[in-house]
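Only one structure is covered here, and it is reproduced in the block below.
Just so it is clear, none of the values below were taken in a lab; they were calculated from the coordinates. Quick caveat, the model's predicted, so the values are computed rather than measured. Cβ sites come from the backbone with ideal geometry, for glycine too, and all protein chains shown count toward neighbours.
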Amino acid sequence: MFDYRGPVAAAVVTAKLAGARRGWRPLGRLLAERVATCPPELDAVTWVATAAARRRARGVDHARLLAAEVADRLEVPLLDTLHARAPRHGPDRFTARLRLPGSDLLLVDDVLTTGATASRVAGVLRDAGAGRIHLAVLARAGSHALVDVGATVPPGAPGPDGGVRRVLGPR
């Protein structure tokens with residue numbers, strides 16, 4: 001994955017603020033190519049949901065666009081599994097849209113900062129019945145390692161990051 005600074009940060013911020021679908025396609029393809037080099041066995045790809053008000057303000061659901069590129073490249077279904085509501089932060093921000101009994105999922109987001117959102121979403125997906133949850137992000141903010149790259153966590157296994165330990169992204 002890239003560090004969230006310099007040209008990568010500029011590309012992500014520009015794409016978010018411009019509301020342009022076009023800006024996310026090359027970023028999504030880049031992430032998809034990296035994930036395709038060592039794809040986990042998956043039932044579907046999903047993304048960290050964005051609240052409706054934020055989607056309207058931005059004009060685009062950027063994480064969905066990234067996830068769609070990855071799902072297309074891996075030839076697996078893209079599932080709209082999560083609902084996000086305002087406020088932007090808090091334990092009740094996300095809810096599951098459907099039951100996912102035993103489904104192995106790839107969760108996609110643009111930037112991993114502290115890992116709190118990924119952990120929260122993983123918990124919601126687990127509560128909805130998901131099996132293994134893998135995480136693919138375009139960039140990582142901050143200077144410390146947040147997850148063990150390449151490790152996976154079986155359903156129900158405890159972990160400091162809420163059960164999300166596999167991170168795939170461009171090198």
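Stretch Arg85-Ala52 to full length: gain in nm at 0.36 nm per residue minus the Cα-Cα span?
Details: separation 33, 0.36 × 33 = 11.88 nm, distance 0.72 nm.
Fully extending the segment from Arg85 to Ala52 adds 11.2 nm.
Could you pull out the GluC sites (Glu not before Pro) across segment 25-86 that fall in loop regions by DSSP (anything but H, G, I, E, B) with no more than 12 other Cβ atoms inside 10 Å?
On the way: sites: Glu33, Glu41, Glu69, Glu75; in loops: Glu41, Glu75.
Filter output for segment 25-86: Glu41, Glu75.
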